[in-house]
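Undergrad: Just passing along the structure, written as structure tokens.
The values are calculated or read from the model by the stated rules, or taken from the named source; none is laboratory data. The shown structure was predicted, so the numbers you read here are calculated from the model rather than taken from an experiment. Backbone-built Cβ (ideal geometry, glycine too); neighbour counts: all protein chains shown.
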Amino acid sequence: MTTNSSDLLARGLTQTYGSGLGTTHALAEVDVTIAAGESVAVMGPPCSG
């Protein structure tokens with residue numbers, strides 16, 4: 001994918017909930033490029049936070 005100044009680029013996104021044995025990794029080292037005009041949603045199971 002070709003990027004330009006209108007793109008949103010994110011690398012290594014991580015989101016973790018809880019700690020110890022109760023840790024949930026919602027996102028783990030996610031890389032994403034979003035072009036101008038695109039819509040994006042991050043979804044999980046019901047009640048996932």
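Undergrad: What are the pairs with Cβ atoms under 8 angstrom where one residue, in the stretch 29-49, is under 20 Å from THR16 (Cβ atoms) and without any contact (Cβ under 8 Å) to a residue 40 or more places away in the chain and the other, located anywhere, is assigned to a loop (DSSP other than H, G, I, E, B) and β-branched (Val, Ile, Thr)? Sequence gap at least six, or different chains.
TA: Sorted first by the residue in the stretch 29-49, then by its partner, the pairs are VAL32/VAL40.
Undergrad: Continuing with the same structure: With the condition kept exactly as written, say whether any residue in the stretch 5-23 is at pLDDT below 80 and loosely packed, with under 10 Cβ neighbours inside 10 Å.
TA: Yes, the stretch 5-23 contains a residue that is at pLDDT below 80 and loosely packed, with under 10 Cβ neighbours inside 10 Å.
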